[in-house]
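The values are calculated or read from the model by the stated rules, or taken from the named source; none is laboratory data. All values reported here derive from a predicted model rather than from experimental measurement. Counting neighbours? That spans all protein chains shown, and the Cβs are built from the backbone with ideal geometry, glycine included. Remember, those area values only see protein heavy atoms, side chains included, never the ligands or the DNA or RNA. Shrake-Rupley method; radii C 1.70, N 1.55, O 1.52, S 1.80 Å.
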Amino acid sequence: MNELVKVVTYVVAAIGLLATDVARAQDKFPSRPITAVIPLPPGGSADPVMRLVGKQMEESIKQPIVIDNRPGGGGNIAANYVKQAEPSGYTLIMGNTSTHAVNATMFANPGFDPIKDFQPITTLVSLPLIVVVPASSPAKSMAELAAFAKTKPGGLTFGSQGVGSGAHLLGEMFKRMVGVPMVHVPYRGAAPAIQDLLAARVDVVFATYLSAGAHVEVGKLRILAVTAGKRSPLIPNIPTTAEAGFPGLEYELWYGMLAPAGTPAPVIKFLNQEFVKAARTPAVVEMAKQQGADVVANTPDEFAKLIASDMARLGKVVKDAGIKAD
């Protein structure tokens, strides 16, 4: 009888150890591929950055980073998909200024709360816009652009990549600062806006250097300012909007990683360390530079403060201008 008790005891202990080992194996993160959802179609400025960051990160975590492009709804489709995902760290979103700062005000019901429904991991990169005019424009500075606006009947026409885009918001900010009417001309993306700017069918466009830089280099377009708090290392001779006399005329398109709310803190900490390390590799830094962007790679708390700040500041612009989603 005593031998039977001993055997049972050993079996129970073995099962307990086995269960502990299984639990530890399950707790090990990551133990399978991580999906990074991009709320934009393939080929945009976000796509190559995420793919390169993912490639750098894969070498460190020994698991694949699967890119899942889910465009539509101004980014709301992707955001709602990730919001509803299991908060395990295996489904993330590469959010941006529109999805997690502007949409909360612009859409009557985006379906998600940028703060309550997500846990920030890190801002990857930040991309300022440039104020660009045709080479034939009489404006060679921001002050001259403002003066030109005051002399033109009906005000300037400004092109954008669409309603609620950074270019649209900047145009609304500039209109209020100058105190004259301006006509917003929305396009389906940056390319057609730049084409009409080249033909002088619009007076000014707020664009990325990636979309306008090639035309600047051959003298067809002129840059007046950079819409960031500091000069761009890609075009260091171009002043910021504040230096050009328009403080507050700022907008930076940032891309950052977020997880569903409720994702365990140790997982967030691990993801932050790995994404920051990947973003700071020379390959990613060089790619960002060529796009006129800066690698940010900050903490979850710093990213959370950026989201809250931009939601308040840009949300006010949206509200004051009466911008509504189509």
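Considering only beta bridges that DSSP places wholly inside the chain, some 60 percent are antiparallel. Per residue, the convex hull spanned by the Cα atoms of the range 187-326 measures out at 152 cubic angstrom.
P(r) tail for the range 222-270: Cα pairs beyond 12 Å make up 69% of the total.
About its Cα centre, the chain has a charge dipole of approximately 460 debye under the convention of +1 per Lys or Arg Cβ and -1 per Asp or Glu Cβ, with nothing else charged.
Scanning the chain for trypsin sites (Lys or Arg not before Pro) lying in DSSP loops with no more than 14 further Cβ atoms inside 10 Å, the longest uninterrupted stretch between such sites is 63-115. Our summary gives the chain a relative contact order of 26 percent, counting only alpha carbon pairs under 8 angstrom and 6 or more residues apart. With the biggest extent put first, the Cα atoms of the range 50-185 measure 59, 35, 20 Å across the principal axes. Largest first and in whole Å, the equivalent-ellipsoid semi-axes of the chain read 48, 20, 15, each the square root of five times a Cα gyration tensor eigenvalue. Here Thr263 sits with roughly 10 square angstrom of accessible surface, probe radius 1.4 Å. Distance from the C-alpha centroid of the range 69-116 to that of the range 285-321: 15 Å, rounded to the whole angstrom. Per atom type, the chain shows carbon and sulfur on 58% of its accessible surface, probed at 1.4 Å. Counting only protein heavy atoms and a 1.4 Å probe, the chain has 46 square angstrom of accessible area per residue. Measuring with a 1.4 angstrom probe and ignoring ligands and nucleic acids, Tyr251 comes out at about 10 Å² accessible.
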